[in-house]
1. Please say if the chain is rounded, prolate or oblate, where rounded means a/c under 1.5 for a ≥ b ≥ c the square roots of the C-alpha gyration tensor eigenvalues, and otherwise the choice is prolate for a/b larger than b/c and oblate otherwise?
2. Quick one: order His273, His116 from most to least accessible surface, probe 1.4 Å.
3. Just how much of Met1 is accessible, in Å², when a 1.4 Å probe is used and the result is rounded to the nearest 10?
4. With everything on Cα atoms, drop me the angle between helix 278-290 and the longest principal axis of the chain, reported from 0 to 90° to the nearest 10.
5. Pop out the ³J(HN,Hα) list for the range 58-64 in order, Karplus 6.51 cos²θ - 1.76 cosθ + 1.60 with θ = phi - 60°, rounded to Hz; leave Gly and Pro as x.
6. Can you work out the accessible area per residue across the chain, with the rest of the protein chains kept in place, probe 1.4 Å, in square angstrom?
7. Here is the link list: Lys71/Lys336; Lys68/Lys277; Lys62/Lys227. Which ones come out longer than 31 Å on Cα distance?
8. Glu61's amide H: which non-local residues (gap 5+, or another chain) put their own amide H closer than 5 Å, with H modeled 1.01 Å from N in plane and none for Pro or chain starts?
Amino acid sequence: MMIVMQEGATEDQIAAVIERIEAAGARAHPSRGEFVTVIGAIGDDREITASLSLEGEPGVEKVVPILKPFKLVSREFRGEDAVIEVGGRRIGGGSFCLIAGPCTVESRGQTLATAHAVRAAGASLLRGGAYKPRTSPYTFQGLGRPALDILVEAREETGLPIVTELMDVRQLDDVLEVADVVQVGARNMQNFDLLREVGRSDRPVLLKRGVASTIEEWLLSAEYVAKEGNDQIVLCERGIRTFETATRSTLDISAVPVVKGLSSLPVIVDPSHAAGKRDLILPLARAAVVAGADGLIVEVHPTPETALCDGPQALHADRFAAWVEDVRRCVDLMGKVMAGEEPALAVGA
């Protein structure tokens, strides 16, 4: 259930409600807005309802049941759109985030060249895989720890925050040492131990939808992260597996407005993995922007024909600026601003 506190409720009144919730065997998740604090009571709904009667308590405006199986990430719990800030770049709330970079860190030269190219073109964050989940055990699995060191150098040279994938809890410390955003890939969307661990971290999480997962399952995976205390979650639609073979995956563009209706979390789209073909990425990206996505994540490489991973879906680094300008026109059309380019607030505002 959700307890909405009155505007002007005191800290003592909020603390008293939290104490009552925890005494009932539930977990309290306060969310403090500009004017009102909302407290989520998470646990067995029947037990909470039977043991908690908070209507009329000092400072309590109303008590609202949350009917969705996902509670903390639901729009019922937090009505306004969440805004995630990463290194001064905002995702959501009218800011459009462009994440770009190589699928995999292959070498220092390849990564730095790509980082400078995407930075010059207007990217907000740099993506790059150190650990790669591959279908075949014989394909390139990533450089591991040396790749993380290269990503650190790329961030130092360009100022771009780093998005990199975490595949296993054994990699957690190394990845958290480097990543500004931790990516949980489609294959790990229901790796619940991994979700709990990133939920206990203080790092924003980019959670990709599984290739055969429903929207509800995707949001319940986000709930695993939020339940551990980390509500800095960005959802990423990357295409689902259907009977169609013309593309690598089928981009579920309808997922963007559907999820934004169900949840307050930012939603971005990965047209590279959905398409699997370079010439399809731009039209899918345009569609994502117009559907209401809060950002894109795309693969860029200096020489895609020599890429060790997913070359056919990588954009050419030397043509990326023109690609971004095309996408920017759609962003402008939707009344959004590229992350990092928002006008500064006036002094005293």
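The values are calculated or read from the model by the stated rules, or taken from the named source; none is laboratory data. Quantities reported herein were computed from a predicted structural model and do not represent experimental measurements. Please note: Cβ atoms are built from the backbone with ideal geometry, for glycine as well, and neighbour counts cover all protein chains shown. Note: accessible area is taken over every heavy atom of the protein model, side chains too, but ligands, DNA and RNA are not part of it. Shrake-Rupley method; radii C 1.70, N 1.55, O 1.52, S 1.80 Å.
1. On the way: a/c = 1.93, a/b = 1.75, b/c = 1.10.
Here the chain falls in the prolate category.
2. On the way: His273 20, His116 85 Å².
The ordering from most to least exposed comes out as His116, His273.
3. 30
4. Computed tilt is about 30 degrees.
5. x, x, 8, 7, 6, 10, 10
6. Numbers: 15170 Å² over 349 residues.
Using a 1.4 Å probe on heavy atoms only, each residue of the chain averages 43 Å².
7. Numbers: Lys71/Lys336 28 Å; Lys68/Lys277 37 Å; Lys62/Lys227 22 Å.
Flagged as over cut-off: Lys68/Lys277.
8. Amide H neighbours of Glu61: Val4, Met5, Gln6.
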